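Read through the structure below, which is laid out as structure tokens, and then see the notes.
The values are calculated or read from the model by the stated rules, or taken from the named source; none is laboratory data. Here the structure is a predicted model, which is why all the values come from computation and not from measurement. Positions of Cβ are backbone-derived with ideal geometry, glycine not excepted, and every protein chain shown enters the neighbour counts.
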């Protein structure tokens, strides 16, 4: 069952990856992030892969094949490198890029190593509904990109072997697919619309000094604007719900970002 599932999910991944990468430059995809995606008590963790992969341990390589689970001890650092855009499954979630299974602070941890732009493909629809207006999604993509880069640079997590965590302590990163065991199906956690928003804004971020903070809804004070009112910006946070309303009224993504951060984004 896991082997046939791997074949189905790999077809989906190859198609979506081709469409996404066709719209993004190599330079935009160059930044690499390390994201903590799972931590458990214990001394081992189980993984599966959707394509033949290399397991790197203590300078030696071992082949991992699709269609089975592998239980890895965390007494050493295990690095999984898939081929052909393969995914690594940890628990019920499938992740792009590479994966490290290791020990940290007396826990078994899984750290996903992937490009910034691939990371954003999961963050944007996890933080904002993919059905929302495209300009709201594009503003969200720039804010999320800026947050990720700034968090990595500032070493928020100190000496930890990761740059960000995958929950609301940073940004919600859900991976690419969730395996539904009841239906033997992969449920996509990425979406073509949010992929479009990420690819269309590739390389754009806020200027230094703006960290990309955002909230679903900010405390609002109102100021007269045109024939109505607009919420006052604090210059540091984006209001997601109000950004959706602004986009529906005709504001583009640059104007939305300029309102909330009092500055336009730049392309690095």
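Only one residue in 196, 171, 152 is at pLDDT 95 or above, assigned to a helix (DSSP H, G or I) and under 24 Å from residue 108 (Cβ atoms). Which one? Can you show your working first?
Values: 196 fails: under 24 Å from residue 108 (Cβ atoms); 171 fails: assigned to a helix (DSSP H, G or I).
Sole residue among the options that is at pLDDT 95 or above, assigned to a helix (DSSP H, G or I) and under 24 Å from residue 108 (Cβ atoms): 152.
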> If you scan the range 43-65, which residues turn out to be within 11 Å of residue 88 (Cβ to Cβ) and not in a strand (DSSP E or B)?
Replying inline: 50, 51
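Going by the structure shown, is residue 152 buried (at least 18 other Cβ atoms within 10 Å of the Cβ), under 14 Å from the mean Cα position of the chain (by Cα) and closer than 25 Å to residue 255 by Cα?
Working: buried (at least 18 other Cβ atoms within 10 Å of the Cβ): yes; under 14 Å from the mean Cα position of the chain (by Cα): yes; closer than 25 Å to residue 255 by Cα: no.
Considered against the rule, which asks whether it is buried (at least 18 other Cβ atoms within 10 Å of the Cβ), under 14 Å from the mean Cα position of the chain (by Cα) and closer than 25 Å to residue 255 by Cα, residue 152 comes out as no.
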> Between residues in the range 228-244 that are within 26 Å of residue 125 (Cβ to Cβ) and residues that are part of a strand (DSSP E or B) and at pLDDT below 95, which pairs lie under 8 Å by C-beta distance while being six or more apart or on different chains?
Replying inline: 231/222; 231/223; 239/231; 242/231
>> Being closer than 17 Å to residue 212 by Cβ and loosely packed, with under 15 Cβ neighbours inside 10 Å is the requirement here; does residue 169 meet it?
In response: yes
> Of the numbered conditions (1) buried (at least 20 other Cβ atoms within 10 Å of the Cβ); (2) closer than 30 Å to residue 247 by Cβ, residue 130 satisfies every one except a single condition; which is it?
Replying inline: (1)
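In the range 244-260, what residues are part of a helix (DSSP H, G or I) and touching a helix residue (DSSP H, G or I) at 6+ places or on another chain (Cβ under 9 Å)? Reasoning before the result, please.
Of the range 244-260, the ones part of a helix (DSSP H, G or I) are 244-248, 253-260.
Residues satisfying the conditions are 244, 245, 246, 247, 248, 253, 254, 255, 256, 257, 259, 260.
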> Is it fair to say residue 212 is out of contact with any strand residue (DSSP E or B) (no Cβ under 6 Å at 6 or more places or on another chain), crowded, with 21+ Cβ neighbours inside 10 Å, within 27 Å of residue 115 (Cβ to Cβ) and modelled with pLDDT of 95 or more?
Replying inline: yes
